[in-house]
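Notes follow the structure.
Derivation of every value follows stated rules applied to the coordinates shown; laboratory data play no part. This is a predicted model, so every value here is computed, not measured. Neighbour counts run over all protein chains shown; Cβ positions are idealised from the backbone, glycine included.
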Amino acid sequence: MDVETDLYRDLARPGGPPMVLLVVDGLSCLPAEPAGPTPLEAAHTPNLDDLARHGICGLHEPVGPGVTPGRGAALLALLGYDPLKFVVGRGVLAALGADLDLRPHDVAIAGRFATVADDLTVQDLSAGHLTQADTEALCALLAGEIRPDGVECQVRALGANQFALLLRGSGLSGDVDNTDPLECGQPVAEPKASSAAGRRTARLAGQFVAQARQALHGRGTALMPLLSGFSRRPAWPTLEELYGLRSAAITACPLGRGAARLAGMTPIAVRPGLAALDALAEEWPQHDLYLVHLTRDQSEAESEDETAARQSLVRWIEQVDAALPRLADLGVEVLAVTGDRSTAEPGRYASWHAVPVVLWAPTCRADDVVRFGERASAHGTLGPRFRTAALLPLLMAHALRLDPYGA
């Protein structure tokens, strides 16, 4: 199903109850064994099951069959921005997530630090498991010492071993290839232009890397910044311009905050865990749409032991389920619960598999699904593979925020 934003822009009307899009980190994951239960299916979820009995279920697909989505693309698809039509670089989401003032002609770049050998082969992509505080200290050091020729350079920490780099000046372009090899044992690439327009930016990026290595020299490990997602801010319509929706995004995920800013939402930063539900209660009902993104603490999500990681994920899903009555206490009338994308292993590799979703509202025509999970949701009214970007229009319809079409 293609999602025609112009159609819904014309049909959108004010009024109706606030809508909540509850996005649960790690909700959908492959089973440990092909015929075994997924963590969602193994979890005790009476409240999600009750939503499934009284609502409608399905599996959504952020991009297309077989395509593994990036987190930014998946979150934007949930906000109605079809990733095949609305393309954005990771650098833009990183810069916006780091609260940088990103202007139309700036180039934004996402970065992380790695430990490298003398031949610039990556030894450790986590750079010794840098913390948020470590990353902030490194970015402050670089911000004070790096001066690429003829441009303003801003460096800001985004998360644990994540940072955003902003270049501001004339003649800049996002047409530069990534230097991040993505795997240990691979050499760091040089910044190379993918078109003639990107040559100056590639040269400036090379200066940044060289000056950063010099500034970081002597810190005990051979640290090197890896760069990816060279991009400029696209001129997209906001959710308010498209549908008249005043919206807020409550999330601990920096890329989630970046996606929210790009969509014109009010970003509300919270700690990982269930703190986003506390923030929702404080904000309710000031906005028309709330993206409530529940994320786990990264140390819990990335256990080395897969069995322990799966058990932790089951407990997390059960914690979310136990907290769902808080939404009813607030008076939420239109609710969708889902994940942004599936994973192949808990807290690790994203996958292309479709993601379960349940939509509940008094206007739902309930289907036959009585247990919320991947296999059961495939038999729901929404179908086994519908476009993620169609979910927001469906929420609007169930909130009675769309006029009829045609004569």
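Structural remarks
- Separation in nanometres of the label points that stand 7 Å from Cα toward Cβ, at Ala344 and Gln319: 2.7 nm
- Backbone amide hydrogens, once placed in the peptide plane, bring Arg246 within less than 5 Å of Asp288, Leu289, excluding anything fewer than 5 places away on its chain.
- Of the peptides 49-59, 64-74, the ranking by mean beta-carbon count within 10 Å, highest at the top, reads 49-59, 64-74.
- For the range 78-88, Karplus couplings with θ = phi - 60° (6.51, -1.76, 1.60), whole Hz, Gly/Pro x: 5, 8, x, 9, 4, x, 7, 9, 10, 9, 9
- Modelled spin-label separation between Ala35 and Thr131, with each label point placed 7 Å from Cα along the Cα-to-Cβ direction: 4.8 nm.
- DSSP-assigned coil residues among chymotrypsin sites (Phe, Trp or Tyr not before Pro) in the range 283-361, each with at most 12 further Cβ atoms within 10 Å: Tyr349
- Backbone N under 14 Å from the Cys184 label point (7 Å along Cα→Cβ), restricted to the range 99-122: 114-117, 121-122
- Length added when fully stretched, Asp297-Trp352, from 0.36 nm per residue minus Cα-Cα: 17.5 nm
- Efficiency of FRET from Cβ geometry, Ala210 and Asp278, R₀ 60 Å, rounded to 0.05: 0.85
- Cα-based shape type of the range 122-199, given that a ≥ b ≥ c are square roots of the gyration tensor eigenvalues and the cut on a/c is 1.5: oblate
- Relative packing of peptides 235-247, 6-18 - highest average C-beta neighbours within 10 Å first: 235-247, 6-18
- Rounded to the nearest 20, the Cβ-based charge dipole of the range 80-160 about its Cα centre (Lys and Arg +1, Asp and Glu -1) stands at 320 debye.
- Between the beta carbons of Ala140 and His217, assuming R0 = 25 Å, the FRET efficiency works out to 0.90 to the nearest 0.05.
- Length gained on full extension, Thr363 to Asp403: 12.9 nm, using 0.36 nm per residue less the C-alpha separation.
- The chain: calculated mean residue ellipticity at 222 nm from DSSP helix runs of at least 4, using -39500 (n - 2.57): -9000 deg cm²/dmol
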